[in-house]
Amino acid sequence: MSFWAILLLALAMSTDAFAVAVCRGVSLKSTPFLGALKVGILFGVVEAITPLLGWLIGYIALQYIEQWDHWVVFIVMLFLGINMIYNSFKKSDEDCQDQDDKEASSKKSSLMLIFTAISTSIDAFAVGVGLALASVNICFAATMIGIATCLMVTIGLLLGNKLGCLIGKRAEFLGGLVLILIGTITLYQHLSN
C-alpha cells in the first residue's frame, strides 16, 4: 500500500470519530482548545491501538488464509464502507441533541467519552486485520490513523457549533466510499498480478 493509500485510509478511519466530535461540539456552547485537544488525543490513541490488535490477529491467521487474503481485505473494507455509509444516513439530528443529556455529570461524561472512543474504533480493529493480510507496515499505518483521528476529533469539537451534524454525516459517508475504494484497489492489484 502506498503512502497516499495509507493517508486516505487514515482519514477514512477518522471520519466516524469526526462525525461524533462535530455532534458533540454542536451540543456544547464553547469548546476550549485544550479540552478539544485532550479529547482528540484520547480518540487518537484508542484509534491507533485497535488496528495494532487487529493486525496481530490477522498476522496469526495469515498462514491459514494466505491464498484468499485479497478477498478477505476486499470483503472487510466493503463491509466497513457500507456500514459507515449506512450509519451516515441512519443518524439523525436527535443524536446531537441527546448529547446534552449524556453530559449531566462529569464522571458519567468521561465514561461516555471513553466508551464512544472505543466504539468508533471497532472498525479500525477490522482494518488492522485487513492490513496484516495486505502486508502493510502496521506501525506506520496505526500512527497515521491515530494522528488523523486526533486532528479530526479536535477540529470537529472546535467547529461543531459552526458545522452542525450534517457535515459530520457527510464526512462519514465519504469515509465509507474511501474504504470501499481501497478494498477494490487491493483486490484489483492482487487479481491483476
Quiz item: Pick from Ala19, Ala10, Ala48: which is out of contact with any Pro (no Cβ under 9 Å at 6 or more places or on another chain), modelled with pLDDT under 90 and not polar (S, T, N, Q)?
Solution: Ala19
Quiz item: Which condition does Gly81 not pass, out of (1) among the small types (Gly, Ala, Ser); (2) over 21 Å from His190 (Cα atoms); (3) modelled with pLDDT of 75 or more, if it passes all the others?
Solution: (2)
Exercise. List the number of the failed condition for Val73; all other conditions in (1) buried (at least 18 other Cβ atoms within 10 Å of the Cβ); (2) modelled with pLDDT of 85 or more; (3) touching a Gly at 6+ places or on another chain (Cβ under 7 Å) hold.
Key: (2)
Practice problem: Kindly list, by first and then second residue, each pair from a residue in the stretch 69-81 that is on the phi < 0 side of the Ramachandran plot to a residue that is outside any helix (DSSP H, G or I), limited to pairs with Cβ atoms under 7 Å and residues at least 6 apart or on different chains. | Solution: Val73/Ala134
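Can you pull out every residue in the stretch 125-142 that is more than 22 Å from Tyr64 (Cα to Cα) and aliphatic (A, V, I, L, M)?
Looking only at the stretch 125-142, we keep the residues that are more than 22 Å from Tyr64 (Cα to Cα), and these are 139-142.
Of everything in the stretch 125-142, those that are more than 22 Å from Tyr64 (Cα to Cα) and aliphatic (A, V, I, L, M) turn out to be Ala141, Ala142.
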Exercise. For the stretch 28-41, name all the residues that are surrounded by 19 or more Cβ atoms within 10 Å (Cβ to Cβ) and assigned to a helix (DSSP H, G or I).
Key: Ala36, Val39, Gly40
Quiz item: Just for the stretch 1-22: of the residues that are surrounded by fewer than 24 Cβ atoms within 10 Å (Cβ to Cβ) and not β-branched (Val, Ile, Thr), which one is nearest to Asp123 (Cα to Cα)?
Solution: Leu11
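From the list Val39, Val22, pick out the single residue that is in contact with a Ser or Thr (Cβ under 8 Å, 6 or more places away or on another chain) and in contact (Cβ under 8 Å) with a residue 12 or more places away in the chain. Give the derivation first.
Details: Val22 fails: in contact with a Ser or Thr (Cβ under 8 Å, 6 or more places away or on another chain).
Sole residue among the options that is in contact with a Ser or Thr (Cβ under 8 Å, 6 or more places away or on another chain) and in contact (Cβ under 8 Å) with a residue 12 or more places away in the chain: Val39.
Looking for whichever is under 14 Å from the mean Cα position of the chain (by Cα), closer than 17 Å to Ile6 by Cβ and among the polar types (S, T, N, Q) here; the options are Thr143, Thr186, Thr120. Which one fits? Talk me through it step by step, then tell me what you get.
Details: Thr186 fails: under 14 Å from the mean Cα position of the chain (by Cα); Thr120 fails: closer than 17 Å to Ile6 by Cβ.
Just one listed residue meets the conditions, Thr143.
The values are calculated or read from the model by the stated rules, or taken from the named source; none is laboratory data. Predicted model only: the values in this text are computed from it and were never measured. Don't worry about glycine lacking a Cβ; one is built from the backbone with ideal geometry, like all the others, and counts go over all protein chains shown.
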